[in-house]
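The values are calculated or read from the model by the stated rules, or taken from the named source; none is laboratory data. What you see is a predicted model; the values in this text were computed from it and never measured. Counting neighbours? That spans all protein chains shown, and the Cβs are built from the backbone with ideal geometry, glycine included. Surface accessibility is based on the protein's heavy atoms, side chains included, excluding ligands, DNA and RNA. Shrake-Rupley method; radii C 1.70, N 1.55, O 1.52, S 1.80 Å.
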Amino acid sequence: MSVQATLGDLRRTFARGTTKPLAWRVRQLRALRRMLVERGPELENALAADLAKNPTEAQLAELALAVGEIDHTLRHLRRWLRPTRVAVPLSLAPATAKVIREPLGVVLVIGPWNYPIQLVLVPLAGALAAGNAVIVKPSELAPASSALLAELIPQYLDPSAVRVVEGGVDETTALLRERFDHIFYTGNGQVGRIVARAAAEHLTPVTLELGGKSPVFVDDDADLTAAARRIVYAKLVNAGQTCVAPDYLLTTEKTAAALLPHLGSAITEFYGSQPQESADFGRIINDRHFDRLSALIHNRKPALGGQVDATTRYIAPTVIDGVAADDPLMTEEIFGPILPIVHVSGVSDAIDFITERDKPLALYVFSGRKSVERRFLRETSSGAVGLNIPAAHLLVPRLPFGGVGPSGTGRYHGKYTIDTFSHSKAVLSKPTRPDTLRLIYPPFTELRDRI
Ligand code: NAD
């Protein structure tokens, strides 16, 4: 079926009002939840095929996370959708004013490959909860997950309102030529620009969930054992292919030396002395990304790791100490299990280093001092901040998730998702009698005398 025909179907469904009743929305959310539970084993298999994702990790970081978002939405949706009464200025009284939420229409959700189920289904659930019809375009770089979503979604969700379009650049380009009422894109900033340009043609609003280099600062007085464990966990989940993973570490030379053994112990504790044999450590998505990552550590002397295996696309958990600010490791988002450590002279130097670069998606600080945390909060800008905890902010449905500037536009999760996929319509109502507006009608010469 052509893109135009698919879009035409969804437009007709939306125009008929099918997607608007709360009961329809709740049915879709419950069905999506059922799909995640009933088809859990198949979804886990697809994630294992695409990313060698361990089934427990698949549950924690994808399926259960999506179920959690759906449950939170089901619990609060009725309240979120209620019109909000607002006060009216005295000059307009008597009158009432309220904000009502209306769905936008037909929404396009474009997903990435790194969390290929969750990052498609959470925006999809939100778009449906807000009463929209949706086309989802999963990433072609996670082909097993994409194919499975294309097979399952029509079995569970209303096919007159939800369609899956599979494919890569050509198919996405064709979709982007059409007019949508909102485009929700997750992926890298280069394609983010393509999406934003295409959307501008139709004045379509966009949400861009992008990435970038998220720093972690470790202060001299930080609890190094805990910091190492948490950093290693967040960095190595999904073999480092996580948008909110700490991309690089900033610390003093002295603390770097003290931290390294803790990082080594944490890696061994989680993945054993041979991470290649661990069922808990993932693989790189494809040869292109494997080659890119191998090149970044080729001919280096890593403090930890450094081994690679092209046949299984394995890159060992790798730490490289004393990396220069202009090193190739510091030019682009790493998106793999490689952690560069850049030496700074202290807190001020770390803050300068961060503020001289693109605003990151997330920023993490390990420090024993509240004053240092406050400085980072006040003096830097990022999508989110994790104080002594990297990456986990996305598990809090009441926190907005999204970037700022080059790391993204817009936000979602929980109620923020409903805000993203709805229009807040202003409604003002005033009785015709008494006609208090007479006071401001022309002729203005008389009005001037009155005020
Ligand atoms: P990707 O290559 O799968 O691309 C994302 C989507 O864009 C895919 O659906 C793909 O088909 C489409 N696409 C690719 N090239 C295109 C083109 N030329 N024209 C139109 N569409 C095109 O995924 P990726 O971009 O490699 O994903 C990794 C990036 O995403 C990282 O930068 C990561 O930080 C970021 N990311 C951000 C979040 C977030 O929530 N903020 C989450 C995950 C990943």
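The table below gives the values:
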{"quantity": "Some residue of segment 411-418 being hydrophobic (A, V, I, L, M, F, W, C) and loosely packed, with under 12 Cβ neighbours inside 10 Å", "calculated": "no"}
{"quantity": "Pair list, Cβ under 8 Å, 6 or more apart: segment 258-281 residue free of Cβ contacts under 8 Å to residues at least 12 places away in the same chain, other residue open to solvent by less than 50 Å² (accessible area, probe 1.4 Å) and not hydroxyl-bearing (Ser, Thr, Tyr)", "calculated": "Ser278/Gly272"}
{"quantity": "Strands (runs of 3 or more DSSP E) fully within segment 152-241 counting 3 or more residues that are under 30 Å from Leu304 (Cα atoms)", "calculated": "215-218"}
{"quantity": "Number of positions in segment 326-357 that are open to solvent by less than 50 Å² (accessible area, probe 1.4 Å) and over 18 Å from Ile297 (Cβ atoms)", "calculated": "7"}
{"quantity": "Hits in segment 127-148 (condition: more than 14 Å from Tyr185 (Cβ to Cβ) and assigned to a helix (DSSP H, G or I))", "calculated": "Leu128, Ala129, Pro143, Ala144, Ser145, Ser146, Ala147, Leu148"}
{"quantity": "Close pairs from segment 419-445: first closer than 25 Å to Val99 by Cβ, partner among the acidic types (Asp, Glu), Cβ under 6 Å, at least 6 apart", "calculated": "His423/Glu102; Lys425/Glu102"}
{"quantity": "Odd one out for Gly167, checked against (1) touching a Leu at 6+ places or on another chain (Cβ under 6 Å); (2) within 11 Å of the ligand (Cβ to nearest atom)", "calculated": "(1)"}
{"quantity": "Residue identified as under 23 Å from the mean Cα position of the chain (by Cα) and within 11 Å of the ligand (Cβ to nearest atom) among Val107, Val122", "calculated": "Val122"}
{"quantity": "Selection within segment 211-223 - near the ligand (Cβ under 8 Å from one of its atoms) and open to solvent by less than 20 Å² (accessible area, probe 1.4 Å)", "calculated": "Gly211"}
{"quantity": "Unique match (being in contact with an Asp or Glu (Cβ under 8 Å, 6 or more places away or on another chain), in the same structural domain as Gln118 (by the TED database) and not in a loop (DSSP other than H, G, I, E, B)) among Leu7, Leu29, Leu36", "calculated": "Leu7"}
{"quantity": "Qualifying positions in segment 296-307 - open to solvent by less than 70 Å² (accessible area, probe 1.4 Å) and more than 16 Å from the ligand (Cβ to nearest atom)", "calculated": "Ile297, Arg300, Pro302, Ala303, Leu304, Gly305, Gly306"}
{"quantity": "Residues within segment 246-266 that are within 16 Å of the ligand (Cβ to nearest atom) and open to solvent by 10 Å² or more (accessible area, probe 1.4 Å), tallied", "calculated": "0"}
{"quantity": "Matching entry among Arg197, Arg193, Arg179 (being away from the ligand (no atom under 14 Å from the Cβ), basic (Lys, Arg), surrounded by fewer than 23 Cβ atoms within 10 Å (Cβ to Cβ) and not assigned by the TED database to the domain that holds Cys243)", "calculated": "Arg179"}
{"quantity": "For Pro360: the one exception among (1) open to solvent by 10 Å² or more (accessible area, probe 1.4 Å); (2) closer than 17 Å to Tyr248 by Cβ", "calculated": "(1)"}
{"quantity": "Selected residue [of a type outside the set (Ser, Thr, Tyr) and touching a Phe, Trp or Tyr at 6+ places or on another chain (Cβ under 6 Å)] from Gly386, Gly405", "calculated": "Gly386"}
{"quantity": "Residue among Ala310, Ala279, Ala316, Ala295 that is among the hydrophobic types (A, V, I, L, M, F, W, C) and farther than 18 Å from Phe335 by Cα", "calculated": "Ala279"}
{"quantity": "Of the criteria (1) away from the ligand (no atom under 11 Å from the Cβ); (2) of a type in the set (Asp, Glu); (3) open to solvent by 40 Å² or more (accessible area, probe 1.4 Å), which one Asp158 fails", "calculated": "(3)"}
{"quantity": "Test: residue in segment 77-88 that is touching a residue at least 60 places away in the same chain (Cβ under 8 Å), outside any loop (DSSP other than H, G, I, E, B) and basic (Lys, Arg)", "calculated": "no"}
{"quantity": "Among the candidates Thr73, Thr56, residue that is closer than 23 Å to Val244 by Cβ, among the polar types (S, T, N, Q) and either touching a helix residue (DSSP H, G or I) at 6+ places or on another chain (Cβ under 7 Å) or assigned to a loop (DSSP other than H, G, I, E, B) (or both)", "calculated": "Thr73"}
{"quantity": "The lone exception for Lys370 - which of (1) surrounded by 12 or more Cβ atoms within 10 Å (Cβ to Cβ); (2) modelled with pLDDT of 95 or more it fails", "calculated": "(1)"}
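Condition check ((1) closer than 18 Å to Gly336 by Cα; (2) in contact with a helix residue (DSSP H, G or I) (Cβ under 9 Å, 6 or more places away or on another chain)) across all residues:
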| position | (1), (2) |
| --- | --- |
| Glu166 | no, yes |
| Tyr185 | no, yes |
| Glu201 | no, yes |
| Gly211 | yes, yes |
| Phe217 | no, yes |
| Asp223 | no, no |
| Ala228 | yes, yes |
| Val237 | yes, yes |
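Each row is one residue, and each column tells you yes or no for (1) β-branched (Val, Ile, Thr); (2) on the phi > 0 side of the Ramachandran plot; (3) open to solvent by 50 Å² or more (accessible area, probe 1.4 Å).
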site	(1), (2), (3)
Asp9	no, no, no
Arg25	no, no, no
Arg33	no, no, yes
Gly40	no, no, no
Val88	yes, no, no
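Residue-by-condition table, conditions (1) farther than 15 Å from Ser214 by Cβ; (2) within 17 Å of the chain's Cα centre (by Cα); (3) among the charged types (D, E, K, R):
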| position | (1), (2), (3) |
| --- | --- |
| Gly346 | yes, no, no |
| Leu394 | no, yes, no |
| Tyr412 | yes, yes, no |
| Lys430 | yes, no, yes |
